[in-house]
Structures are given as C-alpha cells and as structure tokens.
Amino acid sequence: MSNAAPATIEDVARLAEVSIATVSRAIHTPEKVAKSTRQRVNQAIAITGYTTNAMARSLRMGRSNMILVLAPDIGDPNFSSILIGIENEARAHGYGVLIGHTQNDPERGLEYLKFLNSNQAAGLVLFTGHEPFGHQELAQRLPPTVAVFEPVFGTKVSYVGVDDTAGARKAAEYLLASGHRDIAFIGDSKTKLGHVRRRKGYDIALDAARIPTNRRMVIDGEGSVEAGRLAVEQLFMRDTLPSAFMCVNDATAVGVINGLAARGYDLPRDFSVIGFDDVPQATYLNPPLTTVRQPRSAIGRQAMALLLKQLAEPAGGTEEILLLPDLIVRGSVTSAMRSR
C-alpha cells in the first residue's frame, strides 16, 4: 500500500504550467477557461490523481458546499437520470451532492430537516412534491430550494420540470389522430400538481376535438402500477369502455396493460395505451409503450443551475422552468378501427 501524499492543486498547476487560480477556475467554472487550457488542466488532474473534496473545502471555508437531494424513492426510474444532470452541474461548480431517501416517511423527513438546519447543506433539491415535514416551524431556516419532477403544490418553491400540459396534449392529440374518441384518462388527482397539469392537457386536446365532457372517462390514481390495474377493473364495471387509455405516467400504463392482459385482451388490437415519462422499461413491454419522454438529464442540469443562481442571489425570487417533452411512438397505439 502506497504511503505517498495525495496530489494537491499545486501539483496540478505545476504540471499544467498554469496558476493555481486557473486550475480552480477550470474545475469550478470551466466555461470561463479556454478549451486548450481546460484540456491541459484535465490531463494534469488525470496524471496526478488529484481530486477535489467538497466536504473538506466546506470545512475550510466555514460554509457547506454540499447540496441535499431529497427523494421519496431512489428506485424510481426517473430518479437516476435527473440525478446525473444535477450531479454533473454541481461538480462543475465545486459542489458535492448528498442523497436523502425519505421512503415517504415523515420521521425521515424530520431527520433531514435537522440536517439542513445544522448548515451541513447549502441548498435543497426536492423530488418529493412537498417541502420536508415539519418545515413550518423552521421555514425561515430552510436553504434555497428547487423542486424537480413533481412541483410543490401551494408553495413558492422554484420548479424545473417537463411541460406536463404540453406533453399530455401531444399524447391526447396522437390518440385523436389515430381515430380514438373514447379516451380514458387514468391518474387524475386533486393533490399532485403534475397530475393536474397532465389532466389539463388531456382536456385541452379533447375540447379542441369537440369531444363532449360526458363522453370522457376520468379515473383517479396516485400513479402506481396497482392504480392502473384498479382503473381497468373500475372501467369494466361501467356500461361503456374506452378504445384508448391515456395514463398519467408509465407505471400506471404498466398496470393498465397488465389488467387488460389478465382479462385476455390483445394489445393494441383490442385497446390502445399511452404513457408518460418514457422510463427505460417502456421499450421492453409487450407491446413496447408509446409514451411522452421527459428530458431528465436536462431537467437535472437546469435545476442545479437554478439552485446555484439562488445561492448567489438569495433575494431573486422563485422561478418555474418547463422543458418541452417528445412523443415517442412505439407499438401500444393503433387505429381505433379494431374488433372487440
């Protein structure tokens, strides 16, 4: 085992033949350094094995250079791609990332709230759709915060995510263009703002097509596989069935597909299904899922950039940045002209 001292920033500067300040800029604000200089610095870093340590730097500077990412489910297929964008942007500006997994447990939320209020994190990124439980008592001490993936209902928390309304409208318009008029929306909610916005896109498209409200089938759901399966059961207890299922997310679409398959139906011959998110598993479903793709990595980068802006300008107010989604056409939607 080697006892050699770890490489320092001075070693990198000496090898790259630049100043220490230039090395620091190349690491933390690379856009301010010429490409040829960045390449020399990066090569010197690779040769020396130098690594920046955000926590150690925080201790020296007397303030935190860590960002806490709070998520209810790190197994969510959307989480990792957004996190990559967050971490890449954070590292480019000298920040480290900590992950807090709440598992929708209020007690865990309180633990992370205490962590935040001990100044161990400079900023907060929320995947949860709500502020940490117990924040009301300590609201004045919360760091700058940005929500991603799920906007925070009823608060003034900045948000970076996909344009849910535009994406859902694209999905509904595609079903309408395929000849469908009896389209069920699965996953309505009164408390999840993302679901509310996707329902709005559905209604806008059907309004434009002059589909009367009494012909629309809307089922509540929290966005899970089980909610999709239960929605199928609810609709089969009614007198009329849709020809197409428009699902609030891909997990719901999986539940709908499973529920229809359990009843012996063939997709897309008997029913069409469309999702939202384009999780990696969507390609491997049978049939592959037509869905709306979120630009997840870009969402992460934009969210981190906005949080850094808030750290630099604490009185700057809240913002909402919505990125446009893409419709990904696969095999789960076909023409409405089909046999029962």
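The values are calculated or read from the model by the stated rules, or taken from the named source; none is laboratory data. Computed from a prediction, not measured in an experiment: that's the story for all the values here. Glycine gets a Cβ as well: all are built from the backbone with ideal geometry, and neighbour counts include every protein chain shown. With ligands, DNA and RNA removed, areas are computed over all heavy atoms of the protein, side chains included. Shrake-Rupley method; radii C 1.70, N 1.55, O 1.52, S 1.80 Å.
List of remarks:
- The modelled label-to-label distance between ASN286 and MET237, using points 7 Å beyond Cα along the C-beta direction, is 3.0 nm.
- Cross-link partners of LYS35 among aspartates and glutamates (Cα-Cα below 16 Å; sequence separation of 8 or more within a chain): GLU17
- Other residues within the sphere of radius under 10 Å centred on the Cβ of ALA44, judged by their own Cβ, net out at 0 (K and R +1, D and E -1).
- Positive contributions from Lys and Arg (+1) and negative ones from Asp and Glu (-1), summed over other residues with Cβ under 9 Å from the Cβ of ARG216, come out at -1.
- Overall form of the range 149-195 per C-alpha gyration tensor (a/c, 1.5; a/b vs b/c): oblate
- Highest-first arrangement of 201-212, 89-100, 121-132, where packing means the average Cβ count within 10 Å: 121-132, 89-100, 201-212
- Signed unit charges on C-beta, dipole axis of the chain, positive-most listed residue ILE47, ALA147, ALA171: ILE47
- Proximal charge balance of ARG25 [Cβ under 12 Å; K/R count +1, D/E count -1]: +1
- Unit charges on C-beta of K, R, D, E only; dipole of the chain, Debye: 660 debye
- Principal-axis tilt of helix 106-117 within the chain, Cα atoms, nearest 10 degrees: 30 degrees
- Straight-line reach from LYS170: taking Cα to Cα under 24 Å and skipping same-chain neighbours fewer than 8 places apart, the lysines in range are LYS190, LYS192, LYS200.
- Crossing angle, helix 296-312 versus the chain [Cα axis fit, 0-90 degrees, rounded to tens]: 50 degrees
- Amide H partners (placed H, <5 Å) of LEU98, local residues excluded: ILE67, LEU68, VAL69
- Once the Cα atoms are used to define both axes, helix 193-208 deviates from the longest principal axis of the chain by about 40 degrees.
- Solvent-accessible area of the chain (1.4 angstrom probe, protein heavy atoms only): carbon and sulfur portion equals 51 percent.
- For the range 71-112: rounded, prolate or oblate by the Cα gyration tensor [a/c cutoff 1.5]: oblate
- Modelled label positions at GLU319 and ASP73, each set 7 Å beyond Cα in the direction of Cβ, lie 3.1 nm from each other.
- Computed FRET value (nearest 0.05) for ILE47 with ASN104, which takes r as the C-beta separation and R₀ as 41 Å: 0.35
- The peptide list 165-172, 188-195, 13-20, put in order of mean Cβ contacts within 10 Å with the highest first, becomes 165-172, 188-195, 13-20.
- Cβ-Cβ FRET estimate between LYS309 and SER80, R0 fixed at 22 Å, reported to 0.05: 0.35
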